[in-house]
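Visitor: I'd like to ask you about the structure that follows.
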Amino acid sequence: MSTDTTASVSTHILDTSAGRPAGGVAVHLRARSGSAAHWQALGGSATDADGRCKDLPALPAGTTHVRLDFAVEPYFAHIAEKQADAQQDAPANRDSGAVFFPEVTVTFAVHPGEHYHVPLLLNPFGYSVYRGS
């Protein structure tokens with residue numbers, strides 16, 4: 001039986017449209033104690049070049065629910081800008097370059113003493129998450 005009174009959270013993002021980690025994505029962490037409680041902002045971080053957030057804030061004791069907010073629109077805008085600079089004479093994309101999901105919010109339940117790794121698989125028109133290890 002674990003004696004830890006808090007859960008812990010980590011995450012990383014893979015850009016499946018590029019086949020590589022998504023660096024520089026802002027991630028904000030919120031927590032609450034009970035489904036009727038208000039969300040408490042705990043702070044945030046940004047993904048590193050490997051797509052990982054290694055310094056998310058610790059969860060307070062009694063946390064039962066966690067929410068990760070990923071600000072993905074600036075990431076895709078930066079990628080599109082780099083591609084446009086590299087391919088100035090290329091034909092225009094069939095889409096406007098807009099991201100369908102400008103933000104991704106993932107909410108999940110946690111239990112004391114457990115670690116929750118939540119990978120985000122991302123592309124401009126969809127995403128998938130799962131509980132990793």
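Here, each number is a calculation from the coordinates, and none is a lab measurement. All values derive from a computational prediction rather than experimental measurement. Cβ sites come from the backbone with ideal geometry, for glycine too, and all protein chains shown count toward neighbours.
Visitor: Going highest first, how would you order 50-59, 23-32, 102-111 by mean Cβ packing within 10 Å?
Guide: Taking the mean over residues of other Cβ atoms within 10 Å, the ranking is 23-32, 50-59, 102-111.
Visitor: Roughly what would the spin-label model give for THR5 and ALA58, points 7 Å off Cα along C-beta, in nm?
Guide: Going from the THR5 label point to the ALA58 one covers 1.1 nm.
Visitor: Tell me, in nm to one decimal, what length is gained between ALA98 and LYS82 on full extension, where the rule is 0.36 nm per residue of separation less the Cα-Cα distance?
Guide: 4.3 nm
Visitor: Taking each pair of distinct Cα atoms in the chain once, what is the resulting Kirkwood hydrodynamic radius in Å?
Guide: Result for the chain stands at 15.9 Å.
Visitor: Hey, another quick one. Beta carbons within 10 angstrom, averaged per residue: use that to sort the peptides 122-131, 5-14, highest first.
Guide: Sorting 122-131, 5-14 by mean packing, highest first, produces 5-14, 122-131.
Visitor: Using only the alpha-carbon atoms, how far is helix 73-86 inclined from the longest principal axis of the chain? Give it as 0 to 90 degrees, nearest 10.
Guide: Between helix and principal axis, roughly 30 degrees.
Visitor: Let me ask something else about it. Quote the relative contact order of the chain in percent (integer), defining contacts as alpha-carbon pairs under 8 Å separated by 6+ residues.
Guide: Worked out over the chain, it gives 33 percent.
Visitor: Is the stretch 6-79 best put as rounded, prolate or oblate by its Cα gyration tensor, with a ≥ b ≥ c the root eigenvalues, rounded for a/c under 1.5, and otherwise prolate when a/b is larger than b/c, oblate when not?
Guide: Prolate, because a/c is 1.5 or more and a/b exceeds b/c.
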